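Below: one structure, written as structure tokens.
No lab work stands behind these numbers, since they all come straight from the coordinates. Predicted model, so just to flag it, every value in this text is computed and none were measured. Cβ atoms come from the backbone with ideal geometry, glycine included; neighbour counts cover every protein chain shown.
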Amino acid sequence: MQDRYTRACGVPCAYCAAGREPATDSWPPERLAHLYLCRELSTRRIAELTGINRQRVTRVLHEAGVPVHPRGVGRFRPLRRRTDPPGLQQLITELYETAKLSSRQIAAVTGVSERTVRDRLHRYGIRVRNRGGWNREDRRVVSAEILHSLYEQLGLTAAEVGEVIGASRTAVLRSAHDFGVAVRTGGVVSLSGPNEIELVRALYDDDLIASVLFAHDIPQVPPGRPIWARFPEPIPLNAPLVKDLYWHCGVGLNHIELLTGQPAMTVRGFMRREGIPLRHPGGRTPFLRRWRQSVRQEPQDTARENG
């Protein structure tokens, strides 16, 4: 060890010659060099022992002429395969896209780590689904044919359609909005005004919403497909956009989902993290009240023009 320090610094190591560590609170450069070269401690470990910042330890060693190795040099690294085993790409593709397994489930089946599965999905060019319970792609989708037959022709309510096909009322209404089906706006209390709305088109036709989307450079994507197909890559959320849509335009969380592709619960979580308050629950949103008022006003204006 003494020869090793002598080759590095050109002087013998006094601490090795003494055969013991001196009981002192001082940490001269020579002692830091002794810990690094003779005792082979890392700069991080030396910082922990001495209470000196690791960057300062590195700087002192450099000034003392001690060659400091890059971080991680000499550390054990597991053997990595340069190529994937035969058939891995096809297997992961089938499990993820056809069987709709999650990356964690695929890891359990294939015996590789979940991180490796996610890495291979990106490497193979497979579009990754968003994670968690708000996954847009795994939602129940009610077909346009069923909506046309049961909801439009037979006049069943969304809850009744859900009972017939074994889906929730929310799934029925969400699918109707996705496919551009005019949704009846009745409720417990009958209100005057229009009783049907094609929500996506009504959102885009609203002047306030259109101006906000234009200001934030957000494209208008017409209905006709599920939300994950309308927005393969959801529009990134930011505080000004969400504030403008929610408070300035008066839309709801589900409306923001239809405009951006971000799940409504994702929007709620984003607002909570950004400190954006929610309106009091219950009742129609300001946008829906504004829409009903504008549609009621159109026949009156037409009658005055014709009168």
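Here the label points at I146 and E274, each 7 Å from Cα along the C-beta direction, are separated by 3.4 nm in the simple model.
With 17 Å as the cut-off, how large is the P(r) tail for region 199-293, expressed as percent of Cα-Cα pairs? So the pairs more than 17 Å apart make up 46 percent of the total in region 199-293. Each principal axis of region 199-253 carries a Cα extent, and these read 28, 22, 20 Å when sorted largest first. By the count of neighbouring beta-carbon atoms within 10 Å, fewest first, D217, D206 end up ordered D217, D206.
Listed by Cβ neighbour count within 10 Å, with the fewest neighbours leading, S42, S168, S103 appear as S168, S42, S103. Compute the FRET efficiency between I218 and R284 as 1/(1 + (r/R0)^6), taking r as their Cβ-Cβ distance and R0 = 22 Å, and round to the nearest 0.05. For R0 = 22 Å, the calculated efficiency reads 0.40. Distance between the modelled labels on A239 and T170, one decimal in nanometres: 2.8 nm (7 Å Cα→Cβ projection).
Note on W27 and D119: the extension gain reaches 28.6 nm, defined as 0.36 nm multiplied by sequence separation minus the Cα-Cα distance.
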